[in-house]
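Student: Pasting a structure here, questions to come.
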């Protein structure tokens with residue numbers, strides 16, 4: 001029984017890697033206050049989802065779906081790989097947009113730390129005027 005459990009776990013190493021990356025990315029997003037670190041955590045999380053879909057689309061012994069005279073040939077489904085390529089492009093664009101927004105936040109408020117931004121927001125709520133970036137350096 002013990003060998004079965006160990007073999008079962010080892011045979012699914014790709015899922016353990018996905019779980020590890022996903023939890024690492026989630027931890028970074030939740031535990032860090034720096035906005036750039038949050039973007040890195042989101043990218044880790046996103047990469048784990050890519051790996052999950054790619055590993056689910058791969059069939060052991062499967063080849064590219066090029067039809068031959070052999071009807072018993074096993075083919076891997078190319079659809080997950082195509083969808084992931086599209087998702088990677090969208091992910092890069094989303095990351096670029098997030099980093100551009102972080103640069104704009106840094107220029108406006110002088111910080112990219114979440115707790116400092118919340119303090120600035122609180123002071124804005126109480127005074128009614130937008131604080132300058134020089135006030136918070």
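Student: Only one of these is more than 21 Å from the chain's Cα centre (by Cα) and assigned to a helix (DSSP H, G or I): 66, 9. Name it.
Tutor: 9
Student: Does any residue of region 47-56 turn out to be over 13 Å from the mean Cα position of the chain (by Cα) and part of a loop (DSSP other than H, G, I, E, B)?
Tutor: no
Student: Count, please, the residues in region 1-15 that happen to be modelled with pLDDT of 80 or more, over 15 Å from residue 55 (Cβ atoms) and surrounded by 10 or more Cβ atoms within 10 Å (Cβ to Cβ).
Tutor: Number satisfying all stated conditions: 1.
Student: Pick out the one residue from 52, 83 that is touching a helix residue (DSSP H, G or I) at 6+ places or on another chain (Cβ under 9 Å), in contact (Cβ under 8 Å) with a residue 24 or more places away in the chain, surrounded by fewer than 15 Cβ atoms within 10 Å (Cβ to Cβ) and within 21 Å of residue 14 (Cα to Cα).
Tutor: Residue meeting the stated conditions: 83.
The values are calculated or read from the model by the stated rules, or taken from the named source; none is laboratory data. Quick caveat: nothing in here was measured; it's all calculated off a predicted structure. For neighbour counting, all protein chains shown are included, and Cβ atoms are generated from backbone atoms with ideal geometry for every residue, glycine included.
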